[in-house]
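The values are calculated or read from the model by the stated rules, or taken from the named source; none is laboratory data. Keep in mind that what you see is a predicted model, and the values were worked out from it rather than measured. All Cβ positions, glycine included, derive from the backbone under ideal geometry; neighbour counts span all protein chains shown. Calculation scope for accessible area: heavy atoms of the full protein, side chains included, ligands and nucleic acids excluded. Shrake-Rupley method; radii C 1.70, N 1.55, O 1.52, S 1.80 Å.
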Amino acid sequence: MKNKVRFFRSVNFKIALTFILILLISIEIIGAYFIRGLERSTIENFKTSMDAQAETLAGTLGNHLGQQDDTNNSQQNNEIQRVLDNSDSPDVLEMKVVDERNNIRATTSVSERYMVGQKNDDPYIDDFSTKSLVAIDEGTSDRVQINVQPIQSTGDTVVGALYIKSNLEQQYRSINDIALIFITASVIAVFISMIVAVLVARSITQPIGEMREQALRIAKGDYSRKVQVKGNDELGELALTFNQLGERIEETQEAMESERNRLNSVLSHMTDGVVATDRRGKVIIINEMALSLLNVEREHAVGQSILELFDIEENYTLRKLLENPDEILLERSSADKNLENVLLRVDFSMIRRESGFISGLVAVLHDVTEQEKTEQERREFVSNVSHELRTPLTSTRSYIEALSEGAWKDEEIAPKFLNVTLNETDRMIRMINDLLNLSRMDSGNYQLQLEYINFKELVNFVLDRFDMMVDEHEKQYQIQREFTKRDLWVEVDTDRMIQVVDNLMNNAVKYSPDGGIITVRLMETHNNILLSITDQGLGIPPNDLNKIFDRFYRVDKARARKQGGTGLGLAISKEVLKAHGGNIWVESREHVGSTFFVSLPYEPYEEDWWE
Ligand code: ADP
């Protein structure tokens, strides 16, 4: 991440280089034009001045050379020499005068003095015409200006020629000097501009570098620092915008964080389990509820395939879940080993992006153990009711059939058969009444007809009936009463409560041996009435103790049915006591006997008041 930009690739270097290149190119172009112009004008000027000098001098010389006189030749020569010497200048290398016969008459070159009076061999003075040209000096190989100017006498006849060789090299040298100054100045300018370029480039790149650092810090989640805003140019504005961007990112980050926290808290407080996967079906989110429902550890679940997590890889593929995300039922062993397995309903749904691309799967888990149990109970109940009604109906039908086939004529059998059908019909009516009672209590629209009564009297009333009935029964029994002395005033639904005691007494008689003693105790605690009915019957196996209060549950079905029971008595008793805020339970030892307990809430102060 923190790879430093190499110098030669840096903006710093690029800006400086561009700067210097532009400067160099412009200096180069300006320099070329300037020096070329300077050279041209210098040489041109020099040439013009030499031309002018040659013309003037030739005019002066015309006066002297024009007087053709051989005798005065040497004197004339001296005069010409004097004129030449007078107009000598440092730029002039040599001046010489040639007459019309091509004889050298005077020269300023000391080394050429001996040539005076001799024939001229200079090729430039061949035709006495005006010449102005640049040539290379043979002796020194310097650049020289050659001027040839015809000398005219007063009668406009050409009497000779003036030859001037002047030094151009000096001119070039001074041009070179100027060029050197120019180059030196350029080098200094380049050097200074290099420094300026680096400084300017740095002033640009430094804030950029700072912004880069800041961007890296933001990427790491550190929003504490800000980029320094220097000046209000574009870079300053950029830095300002950058800081604003940082703030926005921080705000967005915070918003996302709080959103995520909210989502997390929603997920963790949900009563349903939630599992979310990525597009390959690997678990990425799982809430507490799902962990506890599935009885797995978070470390184990996250990253695992959802098929493995639900243990459904044999029957389902991820594709199948994605294509047809229905609900499925899972059975898992409960976290508490003593409890039954839990039943989970899992609803699947896909997570789709806006583009339609499937990016994962969400599974919502509901614990439907209770629901399924209720459903199961309902099914069992319906099947029980049908079964319970079918038995007496079939038997009634077979007796009626026998009667209709002729048994009605038999005076001995007919009344017996009719009696049986009557009994069976009675039992069915009882059962249906019991069922109606139960269903009324279940639906909740059942109102207790509460009355304020002495519970002792209520129990005595039922027991007195049983005492009276003892002779009618084929089985003998004896009832013992062990009651508290106090009256027990409570508010109860008398009919229902009589039904409960009656039912318990009935069972006690039913399941007691011949001549058994049934002990009925009535006592009070500080806030409860406790009624117990103990028999000496065959007792109830420990496994069945909890179940006998269930509807239609009977320990020994065949026997119980023979006794005329419906299997609903205890279930109704339980509901009645529940409605009174009381309780019913049983203690039993097989082959010794059973004790049924009934408790009712009771407030004894009422009695004190009566006293
Ligand atoms: P039933 O009409 O069959 O008696 P109950 O609901 O009154 O139906 O009783 C349910 C079952 O509980 C009975 O079938 C019987 O197996 C058992 N039971 C009830 N009372 C006693 C008891 N006093 N002694 C032994 N078993 C009993």
statement: Of the residues in the stretch 545-557, those that are in a helix (DSSP H, G or I) and either near the ligand (Cβ under 8 Å from one of its atoms) or not assigned by TED's automatic domain parsing to the domain that holds ILE584 (or both) number 3
message: Looking at the structure I just gave you, is ILE518 touching a residue at least 40 places away in the same chain (Cβ under 8 Å), in the same structural domain as LYS574 (by TED's automatic domain parsing) and assigned to a strand (DSSP E or B)?
response: yes
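For MET497, state whether it is in a helix (DSSP H, G or I) and surrounded by fewer than 13 Cβ atoms within 10 Å (Cβ to Cβ).
Details: in a helix (DSSP H, G or I): yes; surrounded by fewer than 13 Cβ atoms within 10 Å (Cβ to Cβ): no.
The answer is no for MET497.
Starting from residues that are part of a strand (DSSP E or B) and free of Cβ contacts under 8 Å to residues at least 60 places away in the same chain, keep the ones in the stretch 521-544 and report whichever is farthest from the ligand (Cβ to nearest atom). I'd like the intermediate steps shown before the answer.
Within the stretch 521-544, the first condition is being part of a strand (DSSP E or B), and the residues that meet it are 521-524, 528-534.
From what is left, the residues that are free of Cβ contacts under 8 Å to residues at least 60 places away in the same chain are 521, 523.
Numbers: ARG521: 15, MET523: 20 Å.
Out of the qualifying residues, it is MET523.
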Of the criteria (1) modelled with pLDDT under 90; (2) out of contact with any His (no Cβ under 9 Å at 6 or more places or on another chain), which one LEU538 fails: (2)
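In the list ALA560, ALA571, which residue meets the criterion of being at pLDDT below 90, open to solvent by less than 20 Å² (accessible area, probe 1.4 Å) and either near the ligand (Cβ under 8 Å from one of its atoms) or assigned to a helix (DSSP H, G or I) (or both)? Working first, answer last.
Values: ALA571 fails: at pLDDT below 90.
Step by step, each of ALA560, ALA571 is checked, and only ALA560 is at pLDDT below 90, open to solvent by less than 20 Å² (accessible area, probe 1.4 Å) and either near the ligand (Cβ under 8 Å from one of its atoms) or assigned to a helix (DSSP H, G or I) (or both).
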message: Testing ARG486 on (1) assigned by TED's automatic domain parsing to the domain that holds LEU600; (2) within 30 Å of ASP514 (Cβ to Cβ); (3) touching a residue at least 24 places away in the same chain (Cβ under 8 Å), one condition comes back false. Which one is that?
response: (2)
- prompt: Considering the stretch 392-406 alone, what residues qualify as being open to solvent by 50 Å² or more (accessible area, probe 1.4 Å) and closer than 15 Å to ARG430 by Cα?
  reply: LEU393
- prompt: Considering only the stretch 427-447, how many residues are touching a residue at least 60 places away in the same chain (Cβ under 8 Å) and surrounded by 16 or more Cβ atoms within 10 Å (Cβ to Cβ)?
  reply: 8
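I'd like to know if the stretch 250-260 contains one or more residues that are without any contact (Cβ under 8 Å) to a residue 40 or more places away in the chain, surrounded by 14 or more Cβ atoms within 10 Å (Cβ to Cβ) and outside the structural domain of LEU330 (by TED's automatic domain parsing). Before the answer, list the steps.
Pass one, the stretch 250-260, residues without any contact (Cβ under 8 Å) to a residue 40 or more places away in the chain: 250-260.
If we keep only those that are surrounded by 14 or more Cβ atoms within 10 Å (Cβ to Cβ) as well, we get 250.
Now narrow it down to the ones that are outside the structural domain of LEU330 (by TED's automatic domain parsing): 250.
Scanning the stretch 250-260, I find at least one residue that is without any contact (Cβ under 8 Å) to a residue 40 or more places away in the chain, surrounded by 14 or more Cβ atoms within 10 Å (Cβ to Cβ) and outside the structural domain of LEU330 (by TED's automatic domain parsing), so the answer is yes.
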field: Pick from the stretch 109-154, criterion of a type in the set (Lys, Arg) and at pLDDT 85 or above, ranking: nearest to GLN171 (Cα to Cα)
entry: ARG143
message: Go through (1) at pLDDT below 85; (2) touching a Phe, Trp or Tyr at 6+ places or on another chain (Cβ under 9 Å); (3) in a helix (DSSP H, G or I) for GLN206 and report which single condition fails.
response: (2)
